[in-house]
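Undergrad: The following block contains the structure, expressed as structure tokens.
Only the coordinates and a few stated rules stand behind these numbers; no lab work does. These numbers were taken from a predicted model, which means no experiment stands behind them. Glycine gets a Cβ as well: all are built from the backbone with ideal geometry, and neighbour counts include every protein chain shown.
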């Protein structure tokens, strides 16, 4: 049987503003075509409303709050805010791997083009290739592939431009009730529609390339976004505008064309779904669950978290069922709009501040400047899709409030939410003394006929009696290893999964090891000579 190939097309900062989702202003023919050929999941949600903790959950199958990756932008030094305890990276339990590593171990050729932004530097064992040229077309003949393409044209920064004229008519865009209706805000959203059209063209190119290669029928295509659109009260917030995302999957022969599946899906479920599609049983520690395949379970809730974003410290948690959203603000004393230098470059944010200073801000937008926040928020997303009427104090909705409050509490305990731990303490545990740990380099252990298999070798070694096997080992708990027999700057590396047969002859073996949150090891090299043995 031919194994299922997997293609992920990732968009940035995108809510479901597509024609197939009913948006009449959208120019998305290729995405609409994908939905017509596959299945649309209208109740899909990210686990965070900002990129790095969301992408971390996707690539590991673990909630960022469970592995210390919940604060946005930990791995870079902030000279403008030197008081932050950065840089550091999350160091999850040693059994936590990237989803791509499980696929590589099963023989998949795994590529990422090219953004990662996982809150940690991908270990060397994560991808076969990760750069701007990475493509499934570089795979060895006959190998199944897992290919990720990240389209960044829709990032919120695309709305910052001041000199370009949008092709989309600003007068036709529909603004949410919590944003001021000004030409500057309309123009920003019109630019976003233009960028959605540009992303759609890239989606069309990838789908056409699959067809050119004769792979359309053998490939699961999944299109998704890391979180909601980059508007105030959207990106970085746990309202549906910040966490509801498009999700479309085309899997010929497995998903009916033109289908709509209203089940709740969390983006943490993407990895388990890829493993199921590849015929791999997901490891038991994964906190996501597959939404594809015959055994896919139905979710009762999705969960999301907000912690530090750039220089803004916060702690908010949310749970949503198919209709109601419960939000808990752990810092009700804080204002809604915390200071964020990057976000304040957004034209809509500048308009909010301008109108507030002029005393001309009214309607739902004025609520963003309310002093403090309610400790709890509850919304009926069916009756109130913009989540502007808080029902937390309504006696009629008390049973729903208590039910979702309890569900959120259970999730925090079950997943080991690290949000209560001060970030400085967390950073000190992850990188003691502020120093990034380094993975121990692999050791080479030849074993087989006439060999005890107890000694490690590096450099030139005596001739080994055949048949021989080579075992690789790293002393770092949880480390993964890859190796190659090739020379040169860009060899093809193979993930180590078991003893390597060594035929007679001279072999130069290169190996390196990595683990999430650690520096990759130095490269180790061994030269082995195997004599012809008796069979």
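Undergrad: Is the C-alpha gyration tensor of segment 1-139 telling us rounded, prolate or oblate? Criteria: a/c under 1.5 is rounded; beyond that, a/b larger than b/c is prolate, otherwise oblate.
TA: It comes out oblate by the Cα gyration axes.
Undergrad: Also, quick follow-up: Could you tell me the relative contact order of the chain? Use alpha-carbon pairs under 8 Å, at least six residues apart, and round to a whole percent.
TA: 19
Undergrad: Follow-up question, since we're still on this one. Rounded to the nearest 0.05, what FRET efficiency is calculated for residue 484 and residue 260 with R0 set to 51 Å and r the Cβ-Cβ distance?
TA: After rounding to 0.05, the efficiency reads 0.65.
Undergrad: What length, rounded to one decimal in nm, is gained on full extension from residue 181 through to residue 360, with 0.36 nm per residue of separation minus their alpha-carbon distance?
TA: 63.3 nm
Undergrad: Rounded to the nearest 10 degrees, what's the angle between the helix 347-358 long axis and the longest principal axis of the chain, both from Cα atoms, 0 to 90?
TA: In the chain, helix 347-358 runs at an angle near 40 degrees to the longest axis.
Undergrad: Cα centroids of segment 287-356 and segment 485-535: how far apart, whole angstrom?
TA: Value for the Cα centre distance between the two parts: 45 Å.
Undergrad: What residues from segment 79-98 fall in the zone where the backbone N is under 17 Å from a label point 7 Å along the Cα-to-C-beta line of residue 340?
TA: 81
Undergrad: Tell me the angle of helix 398-415 to the major Cα principal axis of the chain, expressed in degrees between 0 and 90 and rounded to the nearest ten.
TA: It is inclined by approximately 20 degrees.
Undergrad: Next up: Relative to the first principal axis of the alpha-carbon coordinates of the chain, what is the inclination of helix 183-212, with its axis defined by its Cα atoms, in degrees from 0 to 90 and to the nearest 10?
TA: 30
Undergrad: How big is the antiparallel share of DSSP beta bridges in the chain, given as a percent to the nearest 5?
TA: Antiparallel bridges: around 60 percent, rounded to the nearest 5.
Undergrad: Which length gain, in nm to one decimal place, applies between residue 217 and residue 137 when the Cα-Cα distance is subtracted from 0.36 nm times their residue separation?
TA: Working it through step by step, the gained length comes to 27.2 nm.
Undergrad: Do the sum for the chain: with -39,500 (n - 2.57) for every DSSP H run of n ≥ 4, divided by all residues, what is the mean residue ellipticity at 222 nm, to the nearest 500 deg cm²/dmol?
TA: -6500 deg cm²/dmol
Undergrad: Now for a different question. Where the centroid of each part is defined by its Cα atoms, how far is segment 1-80 from segment 146-191 in Å?
TA: About 18 Å separates the Cα centre of segment 1-80 from the one of segment 146-191.
Undergrad: Assign one of three labels to segment 80-128, namely rounded, prolate or oblate, based on the Cα gyration tensor with a ≥ b ≥ c the square roots of its eigenvalues; rounded applies when a/c is under 1.5, prolate when it is not and a/b is larger than b/c, and oblate otherwise.
TA: oblate
Undergrad: Rounded if a/c is under 1.5, else prolate if a/b beats b/c, else oblate: with a ≥ b ≥ c from the C-alpha gyration tensor eigenvalues square-rooted, which is segment 251-300?
TA: Verdict is oblate for segment 251-300.
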